[in-house]
Amino acid sequence: SFVRIARLDDLVDSEPRKVGVRGQVLDAWTRASEERLGAVWLVRSGSSVTAYSTICPHLGCGVDFRARERKFACPCHGSAFAIDGRRVAGPSPRDLDPLVTRVRDGWVEVRWRRLRQGRRLRVEI
């Protein structure tokens, strides 16, 4: 399901913004709502928004955005990604992992998922 994470009007075109994702967690015995699931990078382009996981596809380190260089980068192993998520350097086996987004009633919503690191193909955990 989709999780509401930010107001569209709070995002500036082509300026990535890191946003936490909170939602429901279910396991065999418990159900918890508003738990921290992780975070995403949101990149607005007009009325649409793209979301990328903040987790590096190489080994799972946190990916930062370097505003002066206009790129995403993993501080641990040198992987770098263009603002559109394409891998441009380093050992990452694939581009940044995109997440499905939609805009409803002025809110950005994302379909949260986690993917395995270290693989060329995306495999959901």
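The values are calculated or read from the model by the stated rules, or taken from the named source; none is laboratory data. Predicted, not measured: the structure shown is a model, and the values here were computed from it. Please note: Cβ atoms are built from the backbone with ideal geometry, for glycine as well, and neighbour counts cover all protein chains shown. Accessible surface is based on the protein model in full, side chains and every heavy atom, while ligands, DNA and RNA are left aside. Shrake-Rupley method; radii C 1.70, N 1.55, O 1.52, S 1.80 Å.
Considering only residues that are in contact with a Ser or Thr (Cβ under 6 Å, 6 or more places away or on another chain) and touching a residue at least 40 places away in the same chain (Cβ under 8 Å), which ones fall in region 78-105?
Scanning region 78-105 gives a single hit, ASP97.
If you go through region 14-44 one residue at a time, how many are open to solvent by 80 Å² or more (accessible area, probe 1.4 Å), within 28 Å of ARG87 (Cβ to Cβ) and part of a strand (DSSP E or B)?
Count: 3.
Residue-by-condition table, conditions (1) on the phi > 0 side of the Ramachandran plot; (2) within 10 Å of the chain's Cα centre (by Cα); (3) modelled with pLDDT of 95 or more:
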{"residue": "VAL40", "(1), (2), (3)": "no, yes, yes"}
{"residue": "ILE55", "(1), (2), (3)": "no, yes, yes"}
{"residue": "ALA67", "(1), (2), (3)": "no, no, yes"}
{"residue": "ARG70", "(1), (2), (3)": "yes, no, yes"}
{"residue": "ALA80", "(1), (2), (3)": "no, no, yes"}
{"residue": "ALA89", "(1), (2), (3)": "no, no, yes"}
{"residue": "THR101", "(1), (2), (3)": "no, no, yes"}
{"residue": "ASP105", "(1), (2), (3)": "yes, no, yes"}
{"residue": "ARG120", "(1), (2), (3)": "no, no, yes"}
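Please work out if SER1 is within 23 Å of PHE81 (Cβ to Cβ) and either surrounded by 14 or more Cβ atoms within 10 Å (Cβ to Cβ) or of a type outside the set (A, V, I, L, M, F, W, C) (or both).
No: the conditions fail for SER1.
Could you list, in sequence order, the residues of region 65-117 that are of a type in the set (A, V, I, L, M, F, W, C), in contact with a Leu (Cβ under 6 Å, 6 or more places away or on another chain) and open to solvent by less than 40 Å² (accessible area, probe 1.4 Å)?
Residues satisfying the conditions are PHE81, VAL108, VAL110.
Restricting attention to region 58-77, does a residue exist that is touching a residue at least 40 places away in the same chain (Cβ under 8 Å), in contact with a helix residue (DSSP H, G or I) (Cβ under 9 Å, 6 or more places away or on another chain), of a type in the set (Gly, Ala, Ser) and assigned to a loop (DSSP other than H, G, I, E, B)?
No; the residues of region 58-77 include none that is touching a residue at least 40 places away in the same chain (Cβ under 8 Å), in contact with a helix residue (DSSP H, G or I) (Cβ under 9 Å, 6 or more places away or on another chain), of a type in the set (Gly, Ala, Ser) and assigned to a loop (DSSP other than H, G, I, E, B).
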